[in-house]
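Let me begin by presenting the structure, written as structure tokens, before commenting on it.
We did not get these values from a lab; they are worked out from the coordinates using the rules stated. All figures in this text were calculated on a predicted structure; none of them were measured in a lab. Reconstructed Cβ throughout: ideal geometry from the backbone, glycine too, with neighbour counts over all protein chains shown.
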Amino acid sequence: MSRKYTCLAAVLMGLILMGCSNSHTERPPNVQEMVSHGQGVYLEFCAECHQTDGQGWSTLYPRLAGNPIVTLHDPEPIILTVAYGQGSMMAFRERLSSDEMAAVLTYIRNSWGNQASPVTPRQVH
Amino acid sequence: MGLNRFPIIYLAAALFVLVVGVAFVRAYQQTAPPASGPAVTSSTGGFDIPPEVAGHENEWPLANHDYANTRVAVGSSINASNVANLKVAWTASLKGTAEWGGGTGNPVISDGVVYFQDLGANTYAAELETGKIIWVKKYENQIFGPSGPGIGYGKVYVVSRLDRYSALDIKTGEEVWQHSTGTELPTGAFQPSVFDHQVYASTQAASSGKGQVKFHSYQGRSSGAALLLDPNTGKPTWQWQVVEEGFWGHPDINSGGGLWFPPAIDTQRGVSYWSTGNPSPVPGIKGYPNGSSRPGPNLYTNSIVALDHRTGKLLWYNQVKPHDLFNLDFQDSPMLATVKIDGSDRTIVIGSGKLGTVYGFDQDTGKTLWSTPIGLHQNDELTELPVDQSTTWVAPGAWGGVETPMAYADGTVYALTANLPSPYNATAFDADTPEQALNRSEGGTLYKNGTAEIDALDAATGKVLWRHEFDRVAFGGVTVVNDLLFTATLDGMVYALARQDGSVVWQWQAPGGTNAWPAVAGDTIVWPFGLGDSPSMIAISLKGNGSISTPEPLRTPVLTPQGG
């Protein structure tokens, strides 16, 4: 009887651990979905300055198309810029959710000829 | 005893004469037109002018210098002969930023102190001469702008959060009171002005987002409103809502009538004049194309409105753009000007806005005396768009037309116009919400296709006297300093133009861009440059000794805005 319960507890523990493990493994991002979502976020919050063609304007609103900082292998600098702002650009960490921020970052890293890895909500959290 | 009675009779008679006389004079003062032009900052008409404003004509005590909103510097030593000697005197960092950068709106100056605000709502007092900061009141709340302080009766009044006005002690910056405009609807408050022991304030058609303090444009059931607040408590004396009760049949969708700029105030009559913003959705959303959720003229949007100072009662209105589809606000501060019409002096009300037409109105009735379209106009008179997925480019666009304040001096109106078209569609490409519809037209507006111009108009007739064109967009308003006009393009190129013909007398590339306009006192111009790497308030002065960069070489003009 005691062994039976011990085995059951072990199985349960294993299942719980598997569950915990799975909860920390993000599903691979669907880049197409993220780009589509990110385009909407971009049009709402970013295009006023950076423009729909990603070309920016003057020296005030930096160009995103072909901008090497946008497409760095490690997206941390551009994540920090969006989250905390820079110069006259406002901070978006309280304005956008993690999902929205990841989507818009994925969008600008994969639009206007840019090509870079997607950004996950976990990376911006 | 008889001797004692006579003095009492004489005294009673004298008192009677005095009372009747005072009543007569007071009644006359309240109805008589201004005697010496409307650019008033002194006490007249039985209404009180705050000590920070009265007699401070040589400084800049109100958002647009005076209650008539003329934007004319008085007593300045800057003119065409010495403007090239302007140098940077001091700079102050604008640390708080929001959607439109670090600084919009106007500093005010009184008793040698500059009061200004960044778009984090942080408020500063600095010495005009040196820029030394006297106090800072930190809020770190993102606000929308145009922003800036109003001063009077020992206090500085500011928008301290999207949904809140605050009064600060003018000497220390300590907060004295707060007044909430509501965390639901409406919100987005703008630069106050102080008159006759009251604070004029206003709101925009927006929501702070269901209890959160976030700016969301055009939420259903939100309306701009004029507010009059008690300067000692912040308690409202009266409130006048721009949008009619019922929100034109669909309160869940419709909104509008934001009040973006301070009113003009006739300090003798006790009447305030407001210009109101557009109705929403612009132009429509899924299921409601072309503004069909809001049938009719959509009163009182895109109107010039006269309100009684003491009661807030609507005295008259004139709606210049009924049922607007294209975000063509009539939002600029109205100006009061005394001009000669048919041989006699007459005070008129001058208004304009994003619709790109300047109007002269009769002060007593609001009747249109003249109207003059300026700048680029393209498809803006359409009353509906095809209900399909096609795009129609409309000018003035979402940020086009007379976006920023005008000026008036010596019979001439000066207006800066942005020629900047925006893309529209009957349902804003099946937008789900009015805010999404707005964002789609604004987000699709391309600066590279934009230009700007200043037009000088005869204030009596509206006739265009001259025009100066810029090769890029500009949101720097117009400010008159003696024989010069000052403005700036968005990228921070500051221009001094000759008032006589619009020719460039001087230009200077500031270290940042600007979507704001300056205050002027004596030999100093204080101007927010809130865009770029280092948003700053910058004072340029004839006594300055800081570096000032060489004007940018002649630029290649950009292309005329495209049609689609």
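Taking every residue in A:47-60, how many Cβ atoms of other protein chains lie within 10 Å of its Cβ, on average?
6
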If the viscosity is 1.002 mPa s and the temperature 20 °C, what Stokes-Einstein diffusion coefficient in µm²/s follows for the stretch B:401-488 when Rh is the Kirkwood radius over Cα pairs?
146
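Report D for the stretch B:292-382 in µm² per second (integer): Stokes-Einstein, Kirkwood Rh on Cα pairs, 20 °C, 1.002 mPa s.
It diffuses with D of about 150 µm²/s by this estimate.
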Calculate the spin-label point distance for A:ALA116 paired with B:SER390, positioning each point 7 Å from the Cα along the beta-carbon direction, and give it in nanometres.
4.0
Where in the stretch B:69-97 does the amide nitrogen come within less than 20 Å of the point 7 Å from the Cα of B:LYS543, taken along Cα to Cβ?
B:73-92
Using Cα pairs under 8 angstrom and six or more residues apart, how large is the relative contact order of chain B, in percent?
14
What are the GluC sites (Glu not before Pro) within the stretch B:74-159 that DSSP puts in a loop, where the Cβ has at most 11 other Cβ atoms within 10 Å?
B:GLU140
Measuring from label point to label point, each 7 Å out along Cα→Cβ, what is the A:ALA65 to B:GLU381 span in nm?
3.5
Less than 17 Å apart at the alpha-carbon level, and either on another chain or at least 8 residues along: which aspartates and glutamates does that give for B:LYS137?
B:ASP118, B:GLU127, B:ASP169, B:GLU174, B:GLU175
note: the protein assembly as shown, Cα-Cα separations exceeding 47 Å make up a percent value of 19
Counting only other chains, and only Cβ atoms inside 10 Å, what mean value do you get across the residues of B:529-539?
3
Packing-based exposure ordering (other Cβ within 10 Å, fewest first) of B:THR404, B:THR479, B:THR347, A:THR59
A:THR59, B:THR347, B:THR404, B:THR479
Which of B:TRP370, B:TRP508 has the fewest other C-beta atoms within 10 Å, and how do the rest follow up to the most?
B:TRP370, B:TRP508
Subtracting the Cα-Cα distance from 0.36 nm times the residue separation, let me have the gained length for B:ASP458 to B:ASP169 in nm, one decimal.
99.8 nm
Pairs of Cα atoms under 8 Å, at least six residues apart: use those to get the relative contact order of the stretch A:29-124, whole percent.
35
Please give the FRET efficiency for B:GLN509 paired with B:ILE133, using the beta carbon to beta carbon distance and R0 = 22 Å, rounded to the nearest 0.05.
0.25
For the pair A:ASP53 and B:SER93, what calculated FRET efficiency results from E = 1/(1 + (r/R0)^6), where r is the Cβ-Cβ distance and R0 = 41 Å, to the nearest 0.05?
0.80
Directionally averaged projected area (convex hull, Cα atoms, chain B), nm²
28.5
Provide the packing ranking of B:303-309, B:109-115, B:237-243, i.e. peptides ordered by the mean count of other C-beta atoms within 10 Å per residue, highest first.
B:303-309, B:109-115, B:237-243
Using 0.36 nm per residue, how much length does the chain from A:GLU33 to A:GLU76 gain when fully extended, once their Cα-Cα distance is taken away?
13.3 nm
Inter-chain Cβ neighbour average for residues A:40-46, partner chain, 10 Å:
3
List, largest first, the extents of the alpha carbons of the stretch A:29-124 along their principal axes, each in whole Å.
34, 29, 24
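Given a Förster distance of 35 angstrom, what is the FRET efficiency for B:GLU244 paired with B:ASN85, based on the Cβ-Cβ distance and rounded to 0.05? Spell out each step's value before the answer.
Values: r = 54 Å, r/R0 = 1.54.
With a Förster radius of 35 Å, E is 0.05.
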Going by how many other Cβ atoms sit within 10 Å of their own, how do B:THR338, B:THR130, B:THR487, B:THR514 line up, fewest first?
B:THR130, B:THR338, B:THR487, B:THR514
